[in-house]
Structures are given as C-alpha cells and as structure tokens.
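Have a look at the structure below, then the notes.
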Amino acid sequence: MKLFVLFLCIIFGETTKARYARCVNPNQRAGLCVQINECQTLYSVLQQSSLSPSERQFIRASGCGRGPDQRPFVCCTQDTGYTRSRRLTSNFADYYDNLGTTPAQRAFVFPSENLGDGFGFGGNGGRVDNSLSQPVAAPGDGSSLLPQPPTCGGVTIENKIYGGDDANLYEFPWTVLLEYRRLAGSGLSTSCAGTLINQRYVLTAAHCLVGRILREIGPLSSVRLGEHDTRSSVDCPSGGGSCAPAAQRLGIAEARAHELYKESSPNQQHDIGLIRLLSNIRYSNSIQPICLPSVVAPESRQVGQQFMVVGWGRTLQTARSPIKQKLAVSFVAPEQCRRKFAERKISIVPTQLCAGGKYAQDSCDGDSGGPLMRFRDNAWVLEGVVSFGYKCGLKDWPGVYTSVAAYDIWIRQQIRP
C-alpha cells in the first residue's frame with residue numbers, strides 16, 4: 001500500500017489543490033478534495049492486501065493534486081470504484097490519452113467556469129464552478145437540503161471575541177441542548193450539546209447518542225433550541241430591550257451515530273452523529289442554522305487560527321453553566337497534537353482536529369457534541385464537534401474535535417427531506 005501511495009504522489013504531478021475544495025470524481029459525483037487518508041471510502045480500498053486494476057485506476061483517476069507535505073489529494077465521495085464498466089488497458093497513460101483528459105483534469109475544480117443554473121453538469125465535462133457556494137448535488141445526496149449563506153451562519157450583533165465570557169442573547173443561535181430522560185428519578189438532564197445544520201437536523205457527537213451517557217443517565221428524549229439561560233423560561237438582554245422567545249423543545253424522530261464509531265476506541269475516531277427532529281423548526285433570531293464547510297469557500301488551516309467553542313458545560317466554578325458560554329481557542333498543528341496524545345497512547349487521526357491547550361481554557365464535561373466554529377466568508381462555519389480531551393484546561397493539552405469537513409459526504413448521505 002505504501003508503494004502505491006508513493007506512486008500516487010508521483011503521478012498526481014506538481015499541482016496542489018486546496019484542501020476541502022469542491023471536485024467531481026470519475027463517476028461525475030460531487031465530492032471534496034482531501035488528503036487520501038482523510039477519505040474513508042478510498043482509504044479503506046488502499047488498506048486491502050491487494051488491489052484490482054480497476055480499483056487502482058479509480059483511485060488514480062480520483063486524484064486532485066497533493067498537499068504541501070506531498071501527500072496525494074483525492075476527490076472523496078461515497079464511491080469506492082467505478083459505477084459503470086470501464087475499459088481497462090495495461091497502460092494508464094494510453095487510457096487517459098484516449099479520453100483526451102488527464103486524471104487531474106478530470107477531477108479538478110475549474111474556477112470561473114459558468115455552469116448556468118448550477119443544477120446539473122450539462123456538457124461541461126462534469127466540472128464544478130468553485131464560485132458556487134456548495135457542490136452540485138449528485139443524485140441521492142443531501143446537498144440541496146443544506147442552507148447557504150446568508151441563511152446559515154448569520155453574523156451576530158457583536159463580533160468581538162472574549163475567552164470564557166457569557167455569550168450574548170442572540171449569539172450562536174444554532175447551539176442546541178440535548179435532553180435525556182433520567183433513569184433514576186424523574187425529569188430531564190442536559191448532558192450534551194449539538195448544532196442545528198438545517199430545519200430538521202442537529203449534528204452532534206456519536207458518544208452523545210450511544211454508550212456510557214445513555215447507560216448512566218438515560219435515553220435521549222428531546223432537544224432544546226433557542227436556549228440562552230437555563231434558569232429562566234424567557235431570556236432578556238441585561239441592558240434592557242426586547243426579550244427572546246421562549247426556548248423550544250422538540251422530540252426526536254431518529255438518532256444515528258456514525259456506523260464506524262466504537263465507544264471503546266481510545267481515540268474516539270468517527271465521533272459524529274445526526275439527530276433528525278420530529279418536525280421542521282422555524283427559524284428566528286434565536287434559532288438559526290450554522291454553515292457547513294462545504295457551502296463556503298475552502299480554507300487551509302493555519303497554526304494559531306482562532307476558533308470559537310460554545311456550550312453550557314463545566315466551568316471553573318460549577319459543574320454546569322446555566323448561561324451559554326463562548327471561548328476562543330487556537331488551532332494546534334496536527335503533528336504537535338499527535339505527539340502530545342501519543343504520551344497517553346492515543347492516536348490522533350486526520351479526521352480529527354485539535355485546538356486550545358491554554359491553562360483553564362477548554363471545552364469540558366457537558367460541552368460534548370457542541371460546535372467548534374470559525375468566522376469566515378462573512379458567516380460562522382462549523383469546523384468541529386467537541387469530542388474528548390485529557391482532563392480539562394490543562395496547559396499544552398488541546399481539546400480534540402471531530403473534523404466536520406472530513407465527514408461532509410457522510411452527512412449528505414444521511415440527511416433527507
């Protein structure tokens with residue numbers, strides 16, 4: 001497998017593709033351009049003991065460049081191979097010469113290409129316009145169900161960042177509380193958070209939907225949207241003015257953890273899940289969806305970039321904060337995060353990202369499943385889902401978050417009208 005990855009590095013050429021840019025694969029299905037070890041579908045093919053000529057050819061044709069570290073990028077979708085028969089030749093170059101295109105040309109996004117109405121590939125060779133706010137929807141995916149700016153990620157009134165402060169009344173209106181029906185006694189317990197991504201779905205952590213939380217607290221019962229201060233039924237601004245509508249409680253039609261998530265896994269890989277609400281939610285000033293990374297322009301992560309994490313979890317003073325809290329945390333280099341968690345024999349993988357590491361500033365108990373966000377392209381974008389950490393707020397120990405961009409294809413496969 002290592003030899004084949006090296007082979008991919010060579011044949012993908014000099015071109016570097018922006019990570020998480022839109023692309024189309026050899027089956028003309030819309031996807032995201034990611035490092036090959038971030039693409040679960042194609043990476044699982046590479047991990048086989050032997051690959052067929054068709055599988056090798058499909059992975060090669062899925063190439064969309066390589067990153068600064070020379071790792072190959074592929075156009076990632078749910079496909080693991082050709083969906084229709086393709087003629088194979090012993091010479092890959094001859095095969096693509098006959099088609100009149102190279103693998104890179106077939107998989108790359110072409111900026112400034114006019115797609116007309118943007119709802120089909122038409123006769124432009126399956127290319128996707130990088131100026132569009134989301135990929136062209138392939139049959140059966142959920143692209144058309146995901147809101148785009150300005151419907152998602154709306155700008156809040158006050159955009160200053162202060163670590164560990166109370167959030168403003170209408171800030172981060174996509175943050176959701178998960179409610180569990182207690183096994184012992186009566187009533188509901190709020191032990192996780194989530195993020196509203198459209199009128200019907202909440203994105204959260206898989207460990208909030210299965211495993212220990214349900215065994216110790218009780219079954220997931222409902223979600224609460226539009227909440228700010230859990231101590232009051234109606235929340236009003238401290239300086240006076242109009243009060244927000246009362247928080248809404250909605251039942252759950254379905255809760256689905258990622259099928260590859262394993263509670264016993266030390267690194268909590270695939271810690272992501274979706275909640276389908278019983279009915280569509282009506283947007284308001286206090287209830288709005290956030291944008292997913294695939295509906296805005298791609299961005300490369302840089303060390304020190306500022307992210308925001310929000311929740312009602314543990315603080316220095318209390319086990320739970322009654323008021324929604326916000327905290328600015330900095331992106332930590334993957335290599336640094338991997339080295340740190342290797343001290344605890346935990347393997348951080350490319351589908352996870354790390355942020356934080358300052359003393360007494362961290363996401364913690366009760367924040368699980370909540371959003372890690374970044375403000376870019378004039379919208380708040382959901383970059384990560386609170387997953388785990390080593391204790392809370394220890395110096396040089398960042399929090400670990402599930403990378404939302406790495407699971408974009410999975411999310412689109414799950415959501416339905």
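The values are calculated or read from the model by the stated rules, or taken from the named source; none is laboratory data. This is a predicted model, so every value here is computed, not measured. Please note: Cβ atoms are built from the backbone with ideal geometry, for glycine as well, and neighbour counts cover all protein chains shown. For the accessible areas, the whole protein counts, side chains as well, though only heavy atoms, and no ligand, DNA or RNA atoms are used. Shrake-Rupley method; radii C 1.70, N 1.55, O 1.52, S 1.80 Å.
Kindly indicate whether LEU178 is within 26 Å of ILE252 (Cβ to Cβ), open to solvent by less than 70 Å² (accessible area, probe 1.4 Å), modelled with pLDDT of 90 or more and out of contact with any Pro (no Cβ under 9 Å at 6 or more places or on another chain).
Yes; evaluated as a whole, the condition is true for this residue.
Would you point out which residue out of LEU32, LEU42, LEU51 is more than 28 Å from the chain's Cα centre (by Cα), under 23 Å from THR351 (Cβ atoms) and either buried (at least 22 other Cβ atoms within 10 Å of the Cβ) or modelled with pLDDT of 80 or more (or both)?
The conditions single out LEU51.
Please enumerate the residues belonging to the stretch 257-313 that are hydrophobic (A, V, I, L, M, F, W, C) and without any contact (Cβ under 8 Å) to a residue 40 or more places away in the chain.
LEU278, VAL303
Among the residues of the stretch 356-370, is any in a strand (DSSP E or B), under 26 Å from ASN37 (Cα atoms) and either open to solvent by 30 Å² or more (accessible area, probe 1.4 Å) or modelled with pLDDT of 90 or more (or both)?
no
Residue-wise test of (1) charged (D, E, K, R); (2) assigned to a strand (DSSP E or B); (3) in contact with a Gly (Cβ under 9 Å, 6 or more places away or on another chain); (4) open to solvent by 60 Å² or more (accessible area, probe 1.4 Å).
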position	(1), (2), (3), (4)
PRO266	no, no, no, yes
ILE275	no, yes, yes, no
SER279	no, no, yes, no
VAL303	no, no, no, yes
MET308	no, yes, no, no
PHE331	no, yes, yes, no
CYS337	no, no, yes, no
LYS340	yes, no, yes, no
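For the stretch 225-246, how many residues meet the condition of being crowded, with 20+ Cβ neighbours inside 10 Å and free of Cβ contacts under 8 Å to residues at least 60 places away in the same chain?
Total satisfying the criteria: 0.
Looking at the stretch 137-175 only, could you name the residues that are at pLDDT 65 or above, hydrophobic (A, V, I, L, M, F, W, C) and open to solvent by 20 Å² or more (accessible area, probe 1.4 Å)?
LEU145, LEU169
Condition first: assigned to a strand (DSSP E or B) and acidic (Asp, Glu). Now tell me which residues in the stretch 202-230 satisfy that.
Of everything in the stretch 202-230, just one residue is assigned to a strand (DSSP E or B) and acidic (Asp, Glu), namely ASP229.
Of (1) in a loop (DSSP other than H, G, I, E, B); (2) modelled with pLDDT of 70 or more; (3) in contact with a Gly (Cβ under 9 Å, 6 or more places away or on another chain); (4) not aliphatic (A, V, I, L, M), ARG19 satisfies all except one. Which?
Answer for ARG19: the failing condition is (2).
If you take the residues in the stretch 231-251 that are of a type in the set (S, T, N, Q) and assigned to a loop (DSSP other than H, G, I, E, B), which one is farthest from VAL400 (Cα to Cα)?
Within the stretch 231-251, the match that is farthest from VAL400 (Cα to Cα) is SER242.
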